[in-house]
1. Name the single residue, out of those in region 5-15 being assigned to a loop (DSSP other than H, G, I, E, B) and open to solvent by 50 Å² or more (accessible area, probe 1.4 Å), that is nearest to G187 (Cα to Cα).
2. If you check every pair at least six apart or on different chains, which have Cβ atoms under 7 Å apart with a residue in region 28-44 that is under 15 Å from L74 (Cα atoms) first and a residue that is open to solvent by 60 Å² or more (accessible area, probe 1.4 Å) second?
3. Suppose we filter region 47-84 for residues that are β-branched (V, I, T), under 13 Å from P193 (Cβ atoms) and part of a helix (DSSP H, G or I); how many remain?
4. Please report, ordered by residue number, the strands (runs of 3 or more DSSP E) entirely within region 116-232 with at least 2 residues that are surrounded by fewer than 16 Cβ atoms within 10 Å (Cβ to Cβ) and under 19 Å from the mean Cα position of the chain (by Cα).
5. Do any residues in region 59-82 that are under 21 Å from Y17 (Cβ atoms) and modelled with pLDDT under 95 have Cβ atoms under 8 Å from those of residues that are part of a helix (DSSP H, G or I) and open to solvent by less than 20 Å² (accessible area, probe 1.4 Å), where the two are at least six apart or on different chains, and which pairs are they?
6. If you take the residues of region 16-30 that are under 18 Å from G198 (Cα atoms) and out of contact with any Cys (no Cβ under 9 Å at 6 or more places or on another chain), which of them is most open to solvent (accessible area, probe 1.4 Å)?
7. Are any residues in region 83-115 in contact (Cβ under 8 Å) with a residue 40 or more places away in the chain, more than 22 Å from T157 (Cβ to Cβ) and open to solvent by 80 Å² or more (accessible area, probe 1.4 Å), and if so, which ones?
Amino acid sequence: MIEIHCQDAFETLRMRYAACVFMDPPDNIGLGYDGFDDQQDDHAYLDWLVTILRVAWRNASTVWLSFNAKWSVLLASRLPNNIAEAIKPMVQTFTFGQHRQTDFGNNHRPLWRLKTGCVPVYADQIRVPSWRQENGDKRADPRGRIPGDVFDFPRVTGNSKQRRSWHPTQLNEKLVERCILSCTKPGDLVVDPFAGTGTTGRVCARIGRDCILGDQSEVYCSKMREEFGVSV
């Protein structure tokens, strides 16, 4: 089941309690999103991000947040204790990031997971081949290993088969898949209130999860409805 709703992110988050909310909100760096001001006052943007996290945390067992690295320190300093204590900070690293002439470029993106201790991690769904397996070591666990907290997935650039050129940004489907697999079972509900190109929907369709996609852009929602064959 995939639902697509053209509405504000807060409305999407409050529709139904979910096993997982996956969020990749606009970065506030001046990108050309349809129907969204991506150049707000910094303080207003950070307050908005904290509010989004609060609402998502009330409406899901696990919340994933991908955001721009420039906000890491300022966002962390604004978090209430109950949210800060529930966060496991991770990162996505990637090649073809920024390369500057005078300072270090940006080649990572923070990825935060919020969950309470009683919510399970479905480790067997995210195992990857270990070094021992790949090198013929008989001591290797045949199931593979659980990944670490650094996710190495390439950016979805213009020549990627995943790329939808009508949207300014897009996350790698394998990154989203690992996040969702780690905290859901088949048939569970996943909510993405910043659906954009529908990456979360494609992943959920492939791995057997129900999905609610929300975006305030009618253009993006129309494109997603066309791809998924979903009526208004």
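1. So the first thing to find is which residues in region 5-15 are assigned to a loop (DSSP other than H, G, I, E, B), and the list is 7-8, 14-15.
Next, only the ones that are open to solvent by 50 Å² or more (accessible area, probe 1.4 Å) stay: 8, 14-15.
On the way: D8: 25, R14: 20, M15: 17 Å.
If we take residues in region 5-15 being assigned to a loop (DSSP other than H, G, I, E, B) and open to solvent by 50 Å² or more (accessible area, probe 1.4 Å), then M15 is nearest to G187 (Cα to Cα).
2. These pairs meet every condition: N28/Q39.
3. Number satisfying all stated conditions: 3.
4. Numbers: elements: 150-152, 189-192, 210-215.
By residue number, 150-152.
5. That search, which allows pairs on different chains as well, returns P80/V50.
6. Residue satisfying both the conditions and the ranking: D24.
7. Passing the criteria: K88, P89.
The values are calculated or read from the model by the stated rules, or taken from the named source; none is laboratory data. Keep in mind that this is a model prediction, so the values were computed, not measured. Counting neighbours? That spans all protein chains shown, and the Cβs are built from the backbone with ideal geometry, glycine included. Surface accessibility is based on the protein's heavy atoms, side chains included, excluding ligands, DNA and RNA. Shrake-Rupley method; radii C 1.70, N 1.55, O 1.52, S 1.80 Å.
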